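**Student:** Before anything else, here's the structure in question.
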Amino acid sequence: MKYTLKGNLTGVNCEDHFMPVSNSTIRLYRFAGDANSATALTAAQAKETFQRIDEKGIKDKEKYLLAETKTDKSGNYSFTIDGDKKKYKGEVVEFDAHYAKIPDYGQKDTKAPRKFKPFQVTLNVLQPKWKETNLGLEAGWNYRISNRLWCMILAWLDIWVICGTVLDCESQQPLTGIEVTAMDDDWITDDELGTATTDASGRFCIYYRSKDFKKTFLSPVVNVETPLLPWGNGPDIYFKFAFNGNDLPGEPSSRARQADRENVGNCLCVQLCVPLGGGGTNPQEPIASAWTGIGTAFTIPLGANLNDFDAEGYAGSLKYACFGNVRPTGQVAISSNNKALQGNPYEYRFLISDSVVGVNGNAPLNASNFTKIVGVDSGLFVATKLGQMWYTGSLPKVVDIESDISDLDSEGWIDVNKSVLRTFNADPTLNAADLTDPTEGAKWHWIDLDGMMAINTMVLTNNSMPSIGIAGTAIPVAQRKAVEKIAIRFELREVINKATNSFNYLPGSGQTLNTMVVNNTDPAMDFEIKQHLTGSACDSLNGDIDVAYTAHHPELEDVRIHIRSNDNAINQQLTGPGLPINNNVNPALNHQNNPSLSITQAPNSIVLKTCSYIATLNVKRRWHNGDGGVGTNQIPKSFYYEA
C-alpha cells in the first residue's frame with residue numbers, strides 16, 4: 001500500500017508576515033513511543049512537541065525513517081511511503097526539518113557560520129487522516145510554524161529578518177514601491193543590512209546574516225560588532241527610504257539607540273511611516289481602476305495579448321471551461337480620491353452576451369450584443385467580498401465589505417460606497433458619520449481586495465446531458481453536449497451628478513472578454529461489470545471478466561478505470577483502445593466508450609485470484625472558476641471472483 005502525505009510549510013516572521021519554508025529537507029519518522037504517548041503528543045501544543053536534535057540524535061532516529069523529501073519554492077511538499085516495504089500501516093508519525101547546510105530563505109548568503117553543525121527539529125507529532133484513493137491512501141497537512149519557534153530555527157541558522165509595513169505618516173495609508181533600507185548604527189561606520197521594496201499592502205521583509213552587522217574597519221578579515229562590549233549582540237536599527245531611486249525623508253541614526261531598536265533579536269517586526277506632507281511628494285500614483293481577471297488564476301485578454309485565455313475562450317494551459325460562480329477581479333477606486341463617502345463616487349457593472357460571442361484577441365464585441373446585466377437579469381448576481389475598511393486610529397480595526405444586490409441600481413451599476421454605508425449602518429459598533437469627519441475620516445482607509453462581483457453562470461447554460469441506455473454503448477454524435485460560450489463586458493464611470501445623468505466614463509470602461517467557455521453539467525457516464533449485466537450484481541464470477549463503460553463531456557480531461565483487490569495485492573489501472581485519457585486538452589475528444597474491455601485478457605491480462613474486487617470508472621472535467629477546480633466523478637463496482 002502506498003501512503004502519500006502532501007501539504008505546505010510556512011514560518012511566521014511577524015504576526016502578518018509569513019514566509020514559505022522553501023527548498024528545505026524534511027523527514028517523516030515512525031513514532032517510537034507507545035500508544036499512550038502517541039495519543040498525548042498528537043493532541044499537544046506545538047511547543048510541547050518541538051525539539052532540536054543534534055547529530056547523534058539524528059543518527060539514533062535513522063532506523064525509524066519512513067521518507068524524506070524537499071519542499072519547493074512555495075513550501076509545498078509530498079512524501080510517498082511504501083507501506084509494505086516500510087511495514088507502515090498509517091499510524092502516528094514525527095515530522096522533522098533537517099538542516100545539513102544553510103538554506104536560502106531570502107538572505108542569499110548560505111555560508112555556514114563558524115562551528116555550525118547539522119541539526120534537525122521535530123516540528124510536530126501527528127496522526128495523518130488517511131483517505132483512500134485509486135493510487136493508495138492520501139492525507140494532507142499544512143503547518144504554520146509559530147513566530148517564536150520559527151525565529152528560534154532562523155537563529156540557529158544565523159538568519160536575521162526584519163518585516164514591517166510602511167505608511168504615509170499623515171494619511172496612514174500603506175505605501176507601495178517604497179525602497180526600505182535597514183541600517184545598523186555603529187560607532188565607526190554604519191552597516192547597511194539590506195534593502196526591500198514594499199508591496200501593494202506596504203509590506204516588506206529584509207533578510208541578512210550576523211556578519212552584516214559585525215563589520216569593522218578590519219573587515220572582512222575581522223568581523224566583530226564594535227565596540228567590544230560585554231552586553232548585547234544584535235544590531236541597532238534605523239531605516240532609510242527612497243522611491244524610484246529618489247531619497248525620501250528617513251529616520252535619524254539616533255532612532256537606533258531607543259529601547260525598541262537597540263540590540264534587536266534576529267526577528268524584528270516594525271511599523272514605519274514616511275512623512276510625505278510638508279513639501280514632500282507622494283510617490284503613489286492615483287489608483288488605476290480596471291477589470292483584469294477571472295478569480296485569482298486567470299488574467300483576461302488585453303487587446304491582442306491573450307494572457308490566460310485562448311482565442312476560443314478556454315482558460316489556462318489545460319483549456320478549462322469556467323463553471324458555477326465566477327468572480328471578475330481587478331481593482332476600482334471607491335471614489336475620485338479613493339475615500340469612502342468622499343469625492344465623486346465610482347460605479348461599475350458587468351454585462352453578458354450568451355447569444356453572440358467573438359474571438360479573443362480581436363476587436364471588442366459591440367456593446368449592443370450584451371443584452372443581459374448582472375444584478376438586473378434574474379439569478380446572475382452573487383454576493384461577494386469586495387474589500388475592507390481599515391481603521392488606523394488608537395484601536396485599529398478591520399471591517400469586511402461585501403456586496404449585496406441592494407447596492408446596485410436598476411441598471412446594474414454598483415457603488416461600493418453604498419456597500420460600505422450599509423455595512424456601517426448595520427453594525428452598532430460603527431459610526432458611518434466618522435467616514436466624513438475631518439479627523440476620524442482620515443483614519444479610515446478603503447482596501448480593495450480584487451473581488452469586483454460574482455456571476456452565476458448556471459443561469460446562462462443548458463444544464464441537461466444526454467442519457468446512456470446501457471453502459472458501453474456510444475451516445476449518438478447528434479445527442480452529445482456541445483461547447484457553450486458567453487461574453488462579458490465591464491463598464492466604469494465617475495458619478496458627477498447622478499440626478500442629471502452627468503458621468504465621466506473612465507479608462508478601462510468597455511473592457512471585454514469576447515468569449516469564455518462555460519459549462520455546468522456533470523459528465524454523462526455509466527459503468528458495469530459486463531458479466532453482471534446478464535445475471536445478478538451479487539453473482540460470484542469466474543473465467544474471463546470484462547467491464548463496459550461510457551463517458552462523455554464537452555470538457556473531458558481524464559477517463560481512467562482502476563481495479564483493486566480487497567487485500568491490495570492487485571492495484572492497477574486498466575488500459576485499452578483510447579484508455580486511459582489523461583490531461584486531455586483536445587475539445588474534439590469528448591466521448592469514450594467500450595462495451596467489452598477485458599480485465600483478464602489482453603491488453604490487461606490480469607491474473608485474478610479468489611478475492612473481492614472494486615473496479616472504478618474515473619471521469620474528470622476540465623473545470624475551473626478562476627478560484628479552484630473540481631475533483632473526479634467516480635462509479636465504483638464491486639465483484640467477487642473465484643479463481
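**Student:** Cα centroid distance between the stretch 71-88 and the stretch 503-573, in Å?
**Tutor:** Answer, in whole Å: 28.
**Student:** Here is a further query. Helix-only estimate, please: 222 nm mean residue ellipticity of the chain, summing -39500 (n - 2.57) across DSSP H runs of length 4 or more and dividing by its residues, to the nearest 500. It would help to have the intermediate numbers written out before the result.
**Tutor:** Working: 7 runs with 48 residues, N = 643.
Calculated from helices alone, the mean residue ellipticity at 222 nm is -2000 deg cm²/dmol.
**Student:** Sticking with this structure for a sec: Which of Gly535, Asn590, Leu579 sits farthest toward the positive end of the charge dipole of the stretch 532-643, with +1 on the Cβ of Lys and Arg and -1 on the Cβ of Asp and Glu?
**Tutor:** Asn590
**Student:** By per-residue mean of other Cβ atoms within 10 Å, what is the highest-first order of 569-580, 134-145? Don't skip to the end; give the middle numbers.
**Tutor:** On the way: 569-580: 14.8, 134-145: 16.8.
Result, highest mean Cβ count within 10 Å first: 134-145, 569-580.
**Student:** Quick one: net charge of Leu579's neighbours, Cβ under 12 Å, K/R +1, D/E -1?
**Tutor:** Values: positive: Arg560; negative: Asp558.
Combined, the nearby Lys, Arg, Asp and Glu give 0.
**Student:** A further question on this structure: Keeping every protein chain present and rolling a 1.4 Å probe, give me the accessible area per residue for the chain in Å². Don't jump to the answer; show the numbers that get you there.
**Tutor:** Details: 29810 Å² over 643 residues.
Ligands and nucleic acids excluded, the result is 46 Å² per residue.
**Student:** Could you work out Rg/(2.2 N^0.38 Å) for the stretch 77-138, with Rg from alpha carbons only? Please report the intermediate quantities before stating the final value.
**Tutor:** Working: Rg = 16.6 Å, N = 62, 2.2 N^0.38 = 10.6 Å.
Normalised Cα radius of gyration, the stretch 77-138: 1.57.
**Student:** Quickly work out the Ala482-to-Glu642 label distance, labels modelled 7 Å from Cα along the C-beta direction, and quote it in nm with one decimal.
**Tutor:** It is 5.3 nm.
**Student:** Taking a ≥ b ≥ c as the square roots of the eigenvalues of the Cα gyration tensor of the stretch 553-643, is the shape rounded (a/c under 1.5), prolate (a/b larger than b/c) or oblate? All intermediate terms of the calculation are to be shown ahead of the outcome.
**Tutor:** On the way: a/c = 3.04, a/b = 1.84, b/c = 1.66.
Prolate, since a/c reaches 1.5 and a/b exceeds b/c.
**Student:** What shape does the stretch 358-445 take by its C-alpha gyration tensor, where a ≥ b ≥ c are the square roots of the eigenvalues and a/c under 1.5 counts as rounded, a/b above b/c as prolate, and the rest as oblate?
**Tutor:** Values: a/c = 3.10, a/b = 2.27, b/c = 1.37.
Verdict is prolate for the stretch 358-445.
**Student:** Under 23 Å between alpha carbons, and skipping anything fewer than 8 positions from Lys59 in its own chain: which lysines qualify?
**Tutor:** Partners within reach: Lys70, Lys85, Lys86, Lys87, Lys101, Lys115, Lys117.
**Student:** A further question on this structure: Roughly how many whole Å is it from the C-alpha centroid of the stretch 338-376 to that of the stretch 92-110?
**Tutor:** Between the Cα centres of the stretch 338-376 and the stretch 92-110 lies a distance of 49 Å.
**Student:** Next question, about the same structure. If you roll a 1.4 angstrom probe over the protein chains with everything in place, what fraction of the accessible area of the stretch 1-98 belongs to carbon and sulfur, to the nearest %?
**Tutor:** 46
**Student:** Additional query: Cα to Cα, under 18 Å, and not fewer than 8 places away if on the same chain: which aspartates and glutamates meet these conditions relative to Lys47?
**Tutor:** Glu15, Glu94, Asp96
**Student:** When 1/r is averaged over all different Cα pairs and the result inverted, which Kirkwood radius in Å belongs to the stretch 540-597? Each step should come with its number before you reach the end.
**Tutor:** Working: mean 1/r = 0.0775 Å⁻¹.
Roughly 12.9 Å, rounded to one decimal.
**Student:** Need the full-extension length gain, Phe116 to Ser74, defined as separation in residues times 0.36 nm minus the C-alpha distance. One decimal, nm. Each step should come with its number before you reach the end.
**Tutor:** Values: separation 42, 0.36 × 42 = 15.12 nm, distance 2.62 nm.
Length gained between Phe116 and Ser74: 12.5 nm.
**Student:** Ok, one more. Take every Cα pair under 8 Å in the chain that's 6+ residues apart, average their separations, divide by the length, and report that relative contact order as a whole percent. Intermediate values should be presented prior to the final figure.
**Tutor:** Values: 1471 pairs, mean separation 65.4, N = 643.
About 10 percent, as a whole number.
**Student:** Hull surface divided by four, with the convex hull built on the Cα atoms of the stretch 30-163: how many nm²?
**Tutor:** On the way: hull surface 38.2 nm².
That works out to 9.6 nm², a quarter of the Cα hull's surface.
**Student:** Between Ala569 and Ser146, what length comes free when the chain is fully extended (0.36 nm per residue of separation minus the Cα-Cα distance, one decimal in nm)? Mind showing how you got there, number by number?
**Tutor:** On the way: separation 423, 0.36 × 423 = 152.28 nm, distance 4.23 nm.
That works out to 148.0 nm of additional length.
**Student:** Find how much the distance from Asp109 to Ser37 grows on full extension, using 0.36 nm per residue of separation minus their present alpha carbon separation; answer in nm with one decimal.
**Tutor:** Numbers: separation 72, 0.36 × 72 = 25.92 nm, distance 4.04 nm.
Taking 0.36 nm per residue and subtracting the Cα distance, the gain is 21.9 nm.
**Student:** Is the stretch 388-525 rounded, prolate or oblate when judged by the Cα gyration tensor, a ≥ b ≥ c being the square roots of its eigenvalues, rounded requiring a/c under 1.5 and prolate requiring a/b larger than b/c? Present the calculation step by step, with values, prior to reporting the outcome.
**Tutor:** Details: a/c = 3.67, a/b = 2.22, b/c = 1.65.
Prolate, because a/c is 1.5 or more and a/b exceeds b/c.
The values are calculated or read from the model by the stated rules, or taken from the named source; none is laboratory data. Quantities reported herein were computed from a predicted structural model and do not represent experimental measurements. Using ideal geometry, Cβ is built from the backbone for each residue, glycine included, and neighbour counts are taken over all protein chains shown. Please note that ligands, DNA and RNA were not included when accessible areas were found on the heavy atoms of the full protein model with its side chains. Shrake-Rupley method; radii C 1.70, N 1.55, O 1.52, S 1.80 Å.
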